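J.: This is the structure I want to talk about, given as structure tokens.
The values are calculated or read from the model by the stated rules, or taken from the named source; none is laboratory data. Just so you know, these numbers come straight off a predicted model, no measurement behind them. Reconstructed Cβ throughout: ideal geometry from the backbone, glycine too, with neighbour counts over all protein chains shown. In case anyone asks, the SASA skips ligands and DNA or RNA and just uses the protein heavy atoms, side chains included. Shrake-Rupley method; radii C 1.70, N 1.55, O 1.52, S 1.80 Å.
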Amino acid sequence: MALHSGAFCFHGFPTVAHESLRHRQWVVKSSGFLRSRVVSKSHLKFKVKAFSGDGGLVESNDSSLVVCFGEMLIDFVPTTNGLSLAEAPAFKKAPGGAPANVAVGIARLGGSSAFIGKVGADEFGYMLADILKENNVSNEGMLFDPGARTALAFVTLRNDGEREFMFYRNPSADMLLQESELNYDLIKKAKIFHYGSISLITEPCKSAHIAAAKAAKDAGAVLSYDPNLRLPLWPSAESAIEGILSIWDIADIIKVSEEEINFLTRGEDPFDDAVVRKLFHPNLKLLLVTEGPGGCRYYTKEFSGRVKGLKVDAIDTTGAGDAFVAGILSQLATDLSLLQKEDKLRDALLFANACGALTVMERGAIPALPDKDAVLNAIFKTVS
């Protein structure tokens, strides 16, 4: 049954609904799967696109294209953990923005991806467009606004690698994308259309988001949704719940964190399957719940389970969830039958968990996203 704003009676807001949403620490001990089984290189048949010797794509494969819609920005990450923004001696400039992270993550893994969004007609905006191109992501859907700046986010890192955010976007260019500016030809090529919720906060981007998702759906694309809650950007906790759930029922695939389940259900237990199932709407094909270092849970109409995470030392958790999404979407883009085959889905989720784990070992989002070889090597070490 779908969870709509106001459809259930809850009492009060969860403790997570304050100035910043914190993610769990990536310090995990994992040695296997939910079920004991032997995994070999021949069994883990992850699909990737061939690359030419100079790093360019051999060919464009629109039949497996993932189009990511939303924000792209600059994260400024402190070079020293455990300090406030005022105390940090220096910051590392890192490209980011959840949908853009996913697009780059897919391309790094050998997949075909494109990004649609707006940045400022400034040095940061042009730099971000170049970064997409350098990472084999199509940026033909990217626009430049001469009247607004590219969004910035300063990120504080605790000693455990967890984050809090301070955003500069009043308004930033991504908020000003208009429906009339959308590249519908690109949208209609998508096998999977991926998006978050930040683009739903203000107009005109909200209307552009809704129009783009509808166009993708009408063209036969699978819709992938990661709410990626950033509460300080919303007017209130209630508006965030209402906005996030307003497009919930159109998605085919939804990825949420434990904290987001707690938030959307106003304090209910995110580890209770009955609570999670409230978020499962009739047309949903796959609901994924990420547990940070614990791995992830998966729910379909036919089956559910858990795939454990990998043991790593966390430096910066920025982009870990996006790397996970890139990992699973890169597999689904080449074989949507994974949604009906639990064993193959579990292998794909192991791959996605490894993507997330490797990303927390470096600072920043896009700079830390792994390639296919690094992911496979991490998996083989874990299961050997």
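J.: Tell me the carbon and sulfur percent of the accessible area for region 204-353, rounded to whole percent, probe radius 1.4 Å.
T.: The nonpolar share, carbon plus sulfur, comes to 52 percent.
J.: Net charge near residue 321, counting Lys/Arg +1 and Asp/Glu -1 over other residues with Cβ under 9 Å of its Cβ?
T.: Working: positive: 255; negative: 226, 322.
For residues surrounding residue 321, the net value is -1.
J.: Tally up the carbon and sulfur contribution to the accessible surface of region 93-137 as a whole percent, 1.4 Å probe, everything protein left in place.
T.: Working: 570 of 1170 Å².
Here carbon and sulfur together make up 48 percent of the probe-accessible area.
J.: Using only alpha carbons, build the gyration tensor for region 207-278 and give me the equivalent ellipsoid semi-axes, biggest first, whole Å. Could the numbers behind the result be given before it?
T.: Working: eigenvalues 109, 53, 15 Å².
Gyration-tensor ellipsoid for region 207-278: 23, 16, 9 Å.
J.: State which entries of 214/372; 118/278; 311/341; 285/308 exceed 25 angstrom in Cα-Cα distance in the structure shown. Kindly include the intermediate steps, with their values, before the conclusion.
T.: Details: 214/372 32 Å; 118/278 34 Å; 311/341 27 Å; 285/308 21 Å.
Exceeds cut-off: 214/372; 118/278; 311/341.
J.: Right, another one. Tell me the per residue accessible area of region 246-295 using a 1.4 Å probe; a whole number in Å² is fine. All intermediate terms of the calculation are to be shown ahead of the outcome.
T.: Numbers: 1400 Å² over 50 residues.
With the other protein chains kept in place, region 246-295 gives 28 Å² per residue.
J.: If we restrict to alpha carbons, what Rg and Dmax does region 132-185 come to, in Å?
T.: When restricted to Cα atoms, region 132-185 yields Rg and Dmax of 15.2, 45 Å.
J.: Per residue, how much accessible surface does region 338-384 expose to a 1.4 Å probe? Answer in Å², no decimals.
T.: Values: 1660 Å² over 47 residues.
Result: 35 Å² per residue.
J.: For region 160-218, rounded, prolate or oblate, judged on the Cα gyration tensor with a ≥ b ≥ c (square roots of eigenvalues), a/c < 1.5 rounded, else prolate if a/b > b/c? Could you put the intermediate results ahead of the total?
T.: Working: a/c = 2.89, a/b = 1.57, b/c = 1.83.
It comes out oblate by the Cα gyration axes.
J.: So with the 1.4 Å probe, I'd like the accessible area per residue for region 57-186, rounded to whole Å².
T.: Numbers: 5110 Å² over 130 residues.
Result: 39 Å² per residue.
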